[in-house]
1. Pull out all pairs, ordered by first then second residue, where Cβ-Cβ is under 7 Å, the residues are six or more apart or on different chains, the first lies in the range 54-82 and is at positive phi, and the second is surrounded by fewer than 16 Cβ atoms within 10 Å (Cβ to Cβ).
2. Can you tell me how many residues within the range 54-78 are of a type in the set (V, I, T) and assigned to a loop (DSSP other than H, G, I, E, B)?
3. Just checking, does the range 102-113 include any residue being under 23 Å from R218 (Cβ atoms) and of a type outside the set (G, A, S)?
4. Tell me, yes or no, whether the range 105-123 has at least one residue that is touching a strand residue (DSSP E or B) at 6+ places or on another chain (Cβ under 9 Å) and either surrounded by 15 or more Cβ atoms within 10 Å (Cβ to Cβ) or of a type in the set (A, V, I, L, M) (or both).
5. Mind listing just one residue for me: the one in the range 33-92 that is within 30 Å of Q214 (Cβ to Cβ) and charged (D, E, K, R) and, of those, surrounded by the fewest Cβ atoms within 10 Å (Cβ to Cβ)?
6. Tell me, which residue of the range 126-152 that is at pLDDT 95 or above and among the small types (G, A, S) is surrounded by the fewest Cβ atoms within 10 Å (Cβ to Cβ)?
7. Name the helices (runs of 4 or more DSSP H) wholly inside the range 95-180 in which the number of residues that are over 27 Å from L23 (Cα atoms) and outside the structural domain of M28 (by TED's automatic domain parsing) is 3 or more.
Amino acid sequence: MASAKPLRPVKREPAATIIAAQLTEAIMTGVLAPGTQLGEAELAGQLGVSRGPLREALQRLVQQGIAVSAPHRGVFVTQLDEDDIRDIYFTRTAMESAACKLVLRGDPQRTADRLAKIHRTMASAARRGNLTALSAADMELHQTLVEESGSPRLRRIAETLFVETRMCLSALTDIHSDPDSLVAEHAALIEALRAADEPRLLALLDDHMQDAVQRLTRAAREDGDGDVEPEGEDGVGAVAG
């Protein structure tokens, strides 16, 4: 009888990783609004953790760019201005264009099928007027596109960019949102992908990103002094892809 393989200890994620993930989620959803000070004592108490792993988690957020460290003042949630919005979407355009090219070299029909399933969720959310669900499906669709590229480097780049995108969307209430247009834009992207029409796909993606920049920067200007309110729980918020 063959000897059984010994059991291995279950690997647990470091506390700092878990803390960083929880703080990132709070920042993305606006629970920790732009400009909020991330005080060690207060956060350690709320999370029930010691300051060591918390400090390490905060350093990770600073390295990602979603928090900033001010000498002699502490760590604060990053405040994104119009230039940041433009830069985020410029970089996303380059990243997702690269993802599209890689997908087209692989199995674009499979990817189109995956995106179409998410798109049906988007369309349903738009019909119900649930902008929170629409925005979540929108982000899932773009994340899936990058995932389908098969590039681990693009996926790593996407992690921070999608966090920053969520920060934009949760902090800004875009009164010019048009859910039906957003659904139609994504439908056209999926059609071009299914047809393996690379020039059209890349052009549509660029237009989609530019439209998002225009709407988000307009919303930022209309917020005036930059003191923006996080998205509420009633499903009303920014939708900008």
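The values are calculated or read from the model by the stated rules, or taken from the named source; none is laboratory data. All values derive from a computational prediction rather than experimental measurement. FYI the Cβ positions are ideal-geometry reconstructions off the backbone, even for glycines, and counts take in every protein chain you see.
1. Sorted first by the residue in the range 54-82, then by its partner, the pairs are G74/Q37; G74/G39.
2. Selection size over the range 54-78: 2.
3. no
4. No: the range 105-123 contains no residue that is touching a strand residue (DSSP E or B) at 6+ places or on another chain (Cβ under 9 Å) and either surrounded by 15 or more Cβ atoms within 10 Å (Cβ to Cβ) or of a type in the set (A, V, I, L, M) (or both).
5. Among them, the one singled out is D83.
6. By that ranking, first place goes to G150.
7. Fully inside the range 95-180 and qualifying: 108-128.
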